Amino acid sequence: MKPKTIICLVAMMACFSAMAQYSHLWCSKRPSTTRLVQVDQLDNSTVFYFEMQNDGKPFMNVFEDIVVRDTLNHVYRLLNSYNMPLSDEDHSNQLVLKPDQEHRFALEFEKVPLNQELDIVESETNPRALNFYEVETDTCEKSDPIDYEAWVKDYPVKEHGFWVEDGDVVQYIAYKGLMVTAHMQVTNEYGKYYTVDLDVQNYGTKDVLLDPARITAKSFLPKKKKTVDMKVFSAEEYMHKVKTRQTWTTIFTVAAEVAVTAAVAYAESEADKSHRHDRHKEPPRHHGWHSARHSHHPYYPTDHYRSRYHSHDMGGLATAAVAVGSAAITAGMIESQHEKREMLESSYIKPNTIRKGQEYLGYFHIKHENTDNLEVTIPMMGEDFTFRFEWQNKK
């Protein structure tokens, strides 16, 4: 064997080593915003590293059925995604983007042979999909390994997605160890509101402040054809509304109950007066009747006995019944409403520091308007966690 041949064989063996990194890459067609910067060939998989420059898109994701395809049309499936949300046909998990944001991510596939042209295909029919065609790798020019943690350190993912629970859509945003979940519904609790149920889980390395005063909401009103700011109620403002409504409810309810109690007592009093009046009438005079005998007849008690038996005042009894009834009604309602108010207040969001490893749950109200959309922004950690809700109103 000639020395030159031996040198070539050694070079080829080095090129196809089990652990190697390559950055001399070419492709005939790719997305204008994304480029392939390196390929790592591992023992059991192949990792492709990408860099992206956003061109104004609000979101980006990769569908989990993305594949690598070789010249023989063999398909190599996705194993893992790093720093990029994955979606499927039922759930959309997206990377939330700023207009000019740069981003780095990596995709790991089943081990791919690098000695031929490859296609990375997310969707053949979508021109904005992550499609790279005729990718070539110079396997004789190795590169330094990528320190993944350092490589993505300045490119954290803000991931937005949703799931369905009992027919309702629950949205989430995950960013730097913070998981914020939001669910919106229309409620009628001492007024009609758009109510947002909030769940904040802190898996990060720092404490996080939740300040409700910084929460904002806006909506595009179809009838007015403009976007308006929506009132977000603080706990103090909502509790003031609750107390006011409860006070008027108590007044009207007690007044109604007292009126009923008084009416019943008055009816009983009038009925008793009528009955007493009938008994005061002189009995019919039968033959042989005389007053001395009648005054001791067991079925005709004397006026003295009748007067002593009915000595109480039915008017006074009605007044007492009304007083006792209204006091009982008032006390019961106040106690019930106080418990209800405490329950509503305890769950309404207030300023809180959410410590590492802790979870905070609560809700808040937004003023109800005639609309079919809502955008709610919750600032934390110097970032905006923005949720967009849309629905169809019943006709």
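The values are calculated or read from the model by the stated rules, or taken from the named source; none is laboratory data. Everything quoted here is computed from the prediction, not taken from an experiment. For neighbour counting, all protein chains shown are included, and Cβ atoms are generated from backbone atoms with ideal geometry for every residue, glycine included.
Observations, loosely collected:
- Within the stretch 136-183, the residues that satisfy the criterion of being assigned to a loop (DSSP other than H, G, I, E, B) and touching a Lys or Arg at 6+ places or on another chain (Cβ under 6 Å) are Tyr155, Pro156.
- Taking (1) surrounded by 14 or more Cβ atoms within 10 Å (Cβ to Cβ); (2) modelled with pLDDT of 95 or more in turn, Val157 satisfies each apart from (2).
- Pair list, Cβ under 8 Å, 6 or more apart: the stretch 202-218 residue under 7 Å from Lys356 (Cα atoms), other residue surrounded by 14 or more Cβ atoms within 10 Å (Cβ to Cβ) and among the small types (Gly, Ala, Ser): Asn202/Gly177; Tyr203/Gly177; Gly204/Gly177; Thr205/Gly177
- Meets criteria (at pLDDT 95 or above and either in a strand (DSSP E or B) or outside the structural domain of Val62 (by TED's automatic domain parsing) (or both)) for Leu130: no
- Any hit, the stretch 86-102, residues being part of a strand (DSSP E or B), surrounded by fewer than 14 Cβ atoms within 10 Å (Cβ to Cβ) and not polar (S, T, N, Q): yes
- Counting only residues that are of a type in the set (A, V, I, L, M) and surrounded by fewer than 20 Cβ atoms within 10 Å (Cβ to Cβ), the stretch 115-151 holds 4 of them.
- Whether a residue is within 18 Å of His240 (Cα to Cα) and either loosely packed, with under 15 Cβ neighbours inside 10 Å or modelled with pLDDT of 95 or more (or both) was assessed, and Ile334 passes this test.
- Among the candidates Asn126, Asn131, the residue that is out of contact with any strand residue (DSSP E or B) (no Cβ under 8 Å at 6 or more places or on another chain) and under 26 Å from Ser45 (Cβ atoms) is uniquely Asn126.
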